[in-house]
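Since the structure comes first, as structure tokens, the remarks are kept for the end.
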Amino acid sequence: MTTELLVALVALIAIALYAVFGGADFGGGVWDIIATGPRRRQQREAIAHAIGPVWETNHVWLIFCVVLLFTCFPPAFAALAVGLYFPLTFALVGIILRGSAFAFRSQQFLYEPNAQYWGHVFGIASILTPFFFGTCVGGLTQGHFAWTSPFALTVGLFAVTLCAQLAAVFLTMETRDELRGDFRIRAILATFALAAVGALALAIAAVTTPATFASLVRPQAWPPIAAAMLLGLVTLALLWTGRFAAARVVVAFETVAVLIGWYASVAPYLVPGEMTYAQAAAPEITLNAFLWVAGCGAILLVPSLMLLFRIFKSSEPA
């Protein structure tokens, strides 16, 4: 494996971690704004309890990916920053609004109108942020940074649905009794919705951009995509039988399989149609230095994050 591909693998790992943990947090905001039924207040409290102690740590992986991109693939960073300027800006603004709203809402519990206002901002930003990240992925896959194309917009919807599925499955382990039942139903519905949106995205690609569809079903791309579909079915079966701990693990692997499929569909291009990993890579000495620094940083970062999750996620479910 060449050095630039090794760096790309490190980037995939970071993106996968952000998609799983950050995606679950975004999905929590989705369920927060559409909370319904007689237990909607308890549902929102369970979501806040689940993400409150650790939600900011997930952006470590996003920051890491940005640093990796402009350090190891500077021409690609410049191209992406220009070509996807608007959706990336919208996504980053969403992250800022989401974090601010979540913090402000937690301090407004004595004044209900303000808490509701910030709750709406938190929920809307939690939807818009993964949506625009998804349109970036769709635009890259289709080429020419076509983030407003029907395919890219459908991929944005797919990203929001995937986050909702992740959050609902994770929340079955953060709750119990009637609340667990609420999120179990939401997780099952989100799994069906994800399958429908994924099929819609493939159909749109086949009709509007056959080249994009061909890249998604190429020999190195369709196995992980098929694996993601299979893992979705396994997640559904585990939810149906009440095996929530196993469902949480399987849905995380489902998300990773989706990302691997996307990576494989555009390889060896970093910016499809414009530059490959080799063409965009920084000098070899820079790549090697980055890998050494990233490895040393992981020795400190990973155990710290594991300790953080162990401390704050070991309490009793809500």
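The values are calculated or read from the model by the stated rules, or taken from the named source; none is laboratory data. Small disclaimer: the values here were computed from a predicted structure and weren't measured. Cβ sites come from the backbone with ideal geometry, for glycine too, and all protein chains shown count toward neighbours.
Annotations for the structure displayed:
- Filtered residues of segment 150-180 (kept if closer than 30 Å to Met275 by Cα and touching a Ser or Thr at 6+ places or on another chain (Cβ under 7 Å)): Pro150, Phe151, Ala152, Leu153, Val155, Gly156, Leu162
- Restricted to segment 44-64, and to residues there that are touching a Phe, Trp or Tyr at 6+ places or on another chain (Cβ under 7 Å) and modelled with pLDDT of 85 or more, the residue that is surrounded by the most Cβ atoms within 10 Å (Cβ to Cβ) is Ile47.
- Scan of segment 269-296 for residues that are modelled with pLDDT under 90 and on the phi < 0 side of the Ramachandran plot, ordered by number: Pro272, Glu274
- Where a residue in segment 125-139 is within 10 Å of Phe90 (Cα to Cα) and its partner, wherever it lies, is of a type in the set (D, E, K, R), with Cβ under 6 Å and at least six apart: Ala125/Arg98
- Hits in segment 282-309 - residues which are more than 24 Å from Asn58 (Cβ to Cβ) and either under 25 Å from the mean Cα position of the chain (by Cα) or of a type in the set (Asp, Glu) (or both): Glu284
Rundown of residues vs (1) of a type outside the set (Val, Ile, Thr); (2) in contact with an Asp or Glu (Cβ under 7 Å, 6 or more places away or on another chain); (3) within 25 Å of Ser126 (Cβ to Cβ), yes/no style:
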| position | (1), (2), (3) |
| --- | --- |
| Ser149 | yes, no, yes |
| Leu153 | yes, no, yes |
| Val160 | no, no, yes |
| Cys163 | yes, no, yes |
| Thr172 | no, no, yes |
| Leu179 | yes, no, yes |
| Leu189 | yes, no, yes |
| Thr209 | no, no, no |
| Ser215 | yes, no, no |
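- Check on Leu287, free of Cβ contacts under 8 Å to residues at least 40 places away in the same chain and surrounded by 18 or more Cβ atoms within 10 Å (Cβ to Cβ): no
- Among the candidates Gly23, Gly29, Gly37, Gly83, residue that is of a type outside the set (Asp, Glu) and touching an Asp or Glu at 6+ places or on another chain (Cβ under 8 Å): Gly37
- When residues of segment 233-253 are limited to those that are farther than 12 Å from Arg184 by Cα and in contact with a Ser or Thr (Cβ under 6 Å, 6 or more places away or on another chain), the one surrounded by the fewest Cβ atoms within 10 Å (Cβ to Cβ): Val250
- The residues of segment 146-195 that are farther than 19 Å from Leu231 by Cβ and among the polar types (S, T, N, Q), listed by number, are Thr148, Ser149, Thr154, Thr175.
- Just one of (1) within 20 Å of the chain's Cα centre (by Cα); (2) farther than 25 Å from Val271 by Cβ fails for Ala201. It is (2).
- Evaluating Gln279 against the criteria (1) closer than 25 Å to Thr148 by Cα; (2) in a helix (DSSP H, G or I); (3) touching a residue at least 60 places away in the same chain (Cβ under 8 Å) leaves one unmet condition, (1).
- Within segment 160-189, being in contact (Cβ under 8 Å) with a residue 60 or more places away in the chain and closer than 15 Å to Gly134 by Cβ holds for Val160, Leu162, Cys163, Ala164, Gln165, Leu166.
- The residue that is modelled with the highest pLDDT, among those in segment 297-318 that are closer than 21 Å to Phe170 by Cβ and among the β-branched types (Val, Ile, Thr), is Val302.
- For beta carbons closer than 9 Å, sequence separation of 6+ or different chains, a first residue in segment 213-236 that is within 14 Å of Leu259 (Cβ to Cβ) and a second that is β-branched (Val, Ile, Thr) and not in a helix (DSSP H, G or I), the qualifying pairs are Ile225/Val217.
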